[in-house]
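Undergrad: I have a structure I would like to understand better, so I am pasting it below and will then ask my questions one at a time.
The values are calculated or read from the model by the stated rules, or taken from the named source; none is laboratory data. Values in this document were obtained by computation on a predicted structure and should not be read as measured data. Glycine gets a Cβ as well: all are built from the backbone with ideal geometry, and neighbour counts include every protein chain shown.
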Amino acid sequence: MADWTIQKLLNWITDYFTQKGVDSPRLSAEMLLGYVLNLKRIELYTNFDKPVDAADLARLREYVKRAAEHEPVAYLVGHTEFYSLEIDVSPAVLIPRPDTEVLVENAVGFLRQQGGRRFVCDLCTGSGCVAVAIAKNHPDCKIIATDVSSDALEIAAANVAKHGLEDRIELRQGHFFEPLLPYLDKQRFDLIVVNPPYVSDSEYAGLDRNVRDYEPSSALLAGQDGLDAYRQIIPQASEHLTDDGVLMLEIGYEQAEAVSRLLAETGDFSPPQVKKDTASRDRVVIGLKKKQVCV
Ligand code: GLN
């Protein structure tokens with residue numbers, strides 16, 4: 001039989017993934033082949049006619065089998081791309097979504113507009129992707145990122161180190177604002193960003209298999225209506241913000257109204273802005289802290 005070249009393998013795996021309903025079949029095939037051959041994606045194309053040896057073929061076959069069973073390719077290769085940055089992942093963290101880039105974009109826009117040195121808090125940091133992307137794109141800020149999961153924080157620490165941000169991102173373990181409470185009198189944030197769990201019980205049952213069977217449910221599930229995390233975070237946010245500080249929350253696309261209501265109920269925020277994702281769905285709610293008027 002003729003040799004399996006990189007080109008032939010890419011085409012074969014892409015067709016196979018398409019048949020099996022794997023997301024982004026070509027990209028997934030490139031990621032796996034690149035991983036097994038230790039080549040960058042672009043290098044696959046500059047080595048198109050290179051034959052692949054039997055040992056690599058055997059390893060590749062295993063990964064292709066697992067991916068065809070809907071195990072996320074990002075977990076198989078141990079990283080993904082977010083905001084044009086390579087971010088390490090493991091099954092302890094949610095795989096960064098393109099939707100979350102809207103949160104980063106707005107955060108970076110806000111920091112640039114404010115100018116000067118800014119202090120940022122990132123709750124539910126998971127892989128640390130949001131904190132890392134903000135720090136990379138706005139050099140003049142310091143970030144404290146928290147997560148309840150120590151396994152997640154290990155991955156976040158790896159990402160902070162990978163991007164050389166150890167002196168600008170500090171990681172702390174605990175539930176939402178809990179690890180910040182001891183510093184409440186000394187540290188107020190100009191910006192708090194959060195991508196909390198926001199999937200309702202009923203939505204969870206309908207998620208794709210690759211999400212439901214492989215990603216950490218604790219990073220996704222937030223009670224019967226998916227709003228539990230917001231109910232805990234929103235009432236506490238204001239006391240951690242500077243006088244004109246801003247809270248930016250990623251939301252499920254049907255949650256803008258409910259989350260805006262939770263913000264309004266605190267009495268601490270001006271009417272929120274809602275930002276859309278690339279599919280024109282509501283994705284981020286932005287609350288500006290009202291100036292406290294002393295009477
Ligand atoms: N958008 C994610 C999903 O549907 C959920 C992310 C989250 O709960 N923070 O898979």
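Undergrad: Any residue in region 95-124 that is buried (at least 17 other Cβ atoms within 10 Å of the Cβ) sitting within a Cβ distance under 6 Å of a residue that is among the polar types (S, T, N, Q) and assigned to a helix (DSSP H, G or I)? List the pairs, counting only those 6 or more apart or interchain.
TA: Once the first residue is buried (at least 17 other Cβ atoms within 10 Å of the Cβ) and sits in region 95-124, its partners that are among the polar types (S, T, N, Q) and assigned to a helix (DSSP H, G or I) give Val108/Asn137.
Undergrad: Give the residues of region 214-229 that are closer than 16 Å to Val89 by Cα and acidic (Asp, Glu), sorted by residue number.
TA: Within region 214-229, just Glu215 meets the criteria.
Undergrad: Specify which of the listed residues (Val64, Val52) is under 22 Å from Gly78 (Cβ atoms) and in contact with a strand residue (DSSP E or B) (Cβ under 8 Å, 6 or more places away or on another chain).
TA: The unique qualifying residue is Val52.
Undergrad: Could you tell me which residue of region 1-20 is nearest to the chain's Cα centre (by Cα), considering only residues that are free of Cβ contacts under 8 Å to residues at least 12 places away in the same chain and more than 19 Å from Ala55 (Cβ to Cβ)?
TA: Thr18
Undergrad: Report yes if some residue within region 264-284 is buried (at least 18 other Cβ atoms within 10 Å of the Cβ), under 25 Å from Ser90 (Cα atoms) and not small (Gly, Ala, Ser); otherwise report no.
TA: yes
Undergrad: Collect the residues in region 218-261 that are surrounded by fewer than 20 Cβ atoms within 10 Å (Cβ to Cβ) and of a type in the set (Asp, Glu), keeping them in residue-number order.
TA: Listed by number, the residues that qualify are Asp225, Asp228, Glu239, Asp243, Asp244, Glu254, Glu257.
Undergrad: Here are Ala145, Ala74, Ala135: which of them is in a helix (DSSP H, G or I) and within 16 Å of the ligand (Cβ to nearest atom)?
TA: Ala74
Undergrad: Can you tell me which residue is modelled with the lowest pLDDT among those in region 139-164 that are surrounded by fewer than 20 Cβ atoms within 10 Å (Cβ to Cβ) and in contact with a helix residue (DSSP H, G or I) (Cβ under 9 Å, 6 or more places away or on another chain)?
TA: Asp140
Undergrad: So in region 189-210, with the set limited to residues that are more than 28 Å from Val246 (Cα to Cα) and touching a residue at least 60 places away in the same chain (Cβ under 8 Å), which one is surrounded by the most Cβ atoms within 10 Å (Cβ to Cβ)?
TA: That would be Asn210.
Undergrad: Any residue at all in region 231-241 that is at pLDDT 95 or above and near the ligand (Cβ under 10 Å from one of its atoms)?
TA: no
Undergrad: Follow-up. Go through the residues of region 195-213 one by one and say whether even a single one is of a type outside the set (Asp, Glu), in contact with a helix residue (DSSP H, G or I) (Cβ under 9 Å, 6 or more places away or on another chain) and more than 26 Å from Pro91 (Cα to Cα).
TA: Looking for residues that are of a type outside the set (Asp, Glu), in contact with a helix residue (DSSP H, G or I) (Cβ under 9 Å, 6 or more places away or on another chain) and more than 26 Å from Pro91 (Cα to Cα), one finds none in region 195-213, hence no.
Undergrad: Follow-up question, since we're still on this one. Looking for something assigned to a loop (DSSP other than H, G, I, E, B) and in contact with a helix residue (DSSP H, G or I) (Cβ under 7 Å, 6 or more places away or on another chain) - is there at least one such residue anywhere in region 98-117?
TA: For region 98-117, residues assigned to a loop (DSSP other than H, G, I, E, B) and in contact with a helix residue (DSSP H, G or I) (Cβ under 7 Å, 6 or more places away or on another chain): absent.
Undergrad: Let me ask another. Taking the options Asp190, Asp167, Asp225, name whichever one is of a type in the set (Asp, Glu), within 16 Å of the ligand (Cβ to nearest atom) and either outside any strand (DSSP E or B) or modelled with pLDDT of 95 or more (or both).
TA: Answer to the check: Asp225.
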